[in-house]
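The block underneath contains the structure these notes are about, expressed in structure tokens.
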Amino acid sequence: MPTTLAARSLRGAHRYAKLPWTFLSERVAMAWWLTRTVAIACALGLMLLCGVADAQGPDVRTLMTPEEFQAAGLDTLSAAEIEALNRWVVRYTAKDAPEVRRTDVVVQAEIEKVEADGIRTRIVGEFRGWDGDTQFRLENGQVWKQRLPGRWFYRAQSPEVELRKNTMGYWVLNVVAADRGVGVTRLK
């Protein structure tokens, strides 16, 4: 048996030579197998490429409240200008935001204010409490995971929640209507 790279990549092709079309030569079966494999690889690559193209990243229209969007004058921008701003937000978030977060005094003061005031938002969709390993998807785009064990059953549609740091510095998610909370860590 030859040990060339082509021969090694066609090792599974012999299976197709034994199928009902035995009148085909093994070489034709191998060519059919190789063509099929390449076609599948191209289709998967195209699906991945389309998936990457669909991932738009953050949009300033959803990151800001309508009032903030209008107050900043962004409602006068064209669709192309908003897309350019969205691309800038992605670049800024990836490159500069972590450094600014660590070094800028004004940003650090805002972080401390948010941590002291907490975050008030809603859980997306139906909520059924927590079971020890629950993830919480919030309307503001954040995703939090239950940090402490425990179960609590409660049904509500998009309940309002508040996130605050406790005295030990850990985050707690509190369901406002039921006044019940659980320790959480942020995933996204």
Total formal charge among the other residues, if their Cβ is under 15 angstrom from that of residue 123, Lys/Arg +1 and Asp/Glu -1: +4
5 angstrom amide H check on residue 124, placed H, neighbours 5+ away: 137, 138, 139
Over region 107-188, volume per residue of the alpha carbon convex hull, in Å³: 89 Å³
C-alpha center-to-center spacing [region 135-188, region 54-90] in angstrom: 28 Å
Net charge contributed by nearby residues that have their C-beta within less than 14 Å of residue 79 (K/R +1, D/E -1): -2
Sequence-distant aspartates and glutamates (8 or more away, or on other chains) whose Cα lies within less than 17 Å of residue 165: 110, 112, 115, 117, 179
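Give, as a single signed number, the net charge of other residues whose beta carbon lies under 13 Å from the beta carbon of residue 67, with Lys and Arg counted +1 and Asp and Glu -1. Before the final figure, lay out the partial values.
On the way: positive: 61; negative: 68, 75.
In short, -1.
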Cα-based reach from residue 113 at 20 Å (exclusive), listing aspartates and glutamates while leaving out same-chain residues under 8 positions away: 68, 99, 104, 162
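Arrange 78, 158 by Cβ neighbour counts within 10 Å, fewest through most, would you?
On the way: 78 8, 158 14.
Fewest to most other Cβ atoms nearby, the residues stand as 78, 158.
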Residue list for region 165-188, given a label point 7 angstrom along the Cα-to-Cβ vector of residue 155 and an amide N cut-off under 18 Å: 177-178
Gyration tensor verdict on region 60-114 (Cα atoms; rounded if a/c is under 1.5, prolate if a/b is larger than b/c, oblate otherwise): oblate
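Bear in mind these aren't lab numbers, they're just calculated from the coordinates by the rules spelled out. As the structure is a computational prediction, the values presented were derived from the model and not from experiment. Glycine also receives a Cβ, built like all others from the backbone with ideal geometry; neighbour counts cover every protein chain displayed.
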